[in-house]
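Engineer: The structure that follows is given in the form of structure tokens.
Every read-out reported here was derived from the displayed coordinates using simple, explicitly stated rules and does not represent laboratory data. Please read these numbers as outputs of a predicted model, since none were measured by experiment.
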């Protein structure tokens with residue numbers, strides 16, 4: 001995983017949509033089953049803003065920004081279905097979104113502004129990683145084993161995660177989506 005370096009008065013955060021149970025456990029077990037060493041360190045999620053380093057003093061402004069963005073974003077539905085890959089560009093296999101792509105893209109665009117403005121290394125593509133930087137055979141297995149995976153759930157919040165010194169991403173705070181309610 002390509003992580004930006006951080007200094008002593010900085011935190012490494014990420015903004016994501018948490019995958020609810022029972023799907024989170026299924027996705028985490030699938031990642032562990034193919035030998036992905038990050039399976040226990042990264043909860044299943046759909047990234048909104050990838051790993052970002054901010055000064056600790058800026059965290060209140062980040063939270064204010066996320067409260068505003070989330071409050072203006074209506075809840076929406078995610079439908080995960082089947083697998084795809086970023087190979088050969090990146091050794092990643094993921095579960096794809098069949099519904100909710102446009103909503104994720106809009107949320108990402110709005111969140112990646114103001115205090116969280118940044119250039120992207122790759123174009124934004126919402127997904128749930130199930131294998132990353134493992135041997136090709138393991139990537140192939142993840143692609144095959146998760147090809148029939150399907151989940152549908154409502155998104156009512158985004159989360160700010162913090163990357164700990166132990167390499168684990170932990171949820172720190174949720175930001176409730178507002179706007180018109182999901183029908």
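Engineer: Report the extension gain between residue 86 and residue 172 in nm, rounded to one decimal, defined as 0.36 nm multiplied by the number of residues separating them, less their alpha carbon distance.
Structural biologist: Between residue 86 and residue 172, full extension yields an extra 28.1 nm.
Engineer: Where does the chain land at 222 nm, in deg cm²/dmol rounded to the nearest 500, when only DSSP H runs of n ≥ 4 count, each adding -39500 (n - 2.57), divided by all residues?
Structural biologist: -7500 deg cm²/dmol
Engineer: Sorted from largest to smallest, which semi-axis lengths in Å does the alpha carbon gyration tensor of the chain give for its equivalent ellipsoid, taking the root of 5 times each eigenvalue?
Structural biologist: 26, 21, 14
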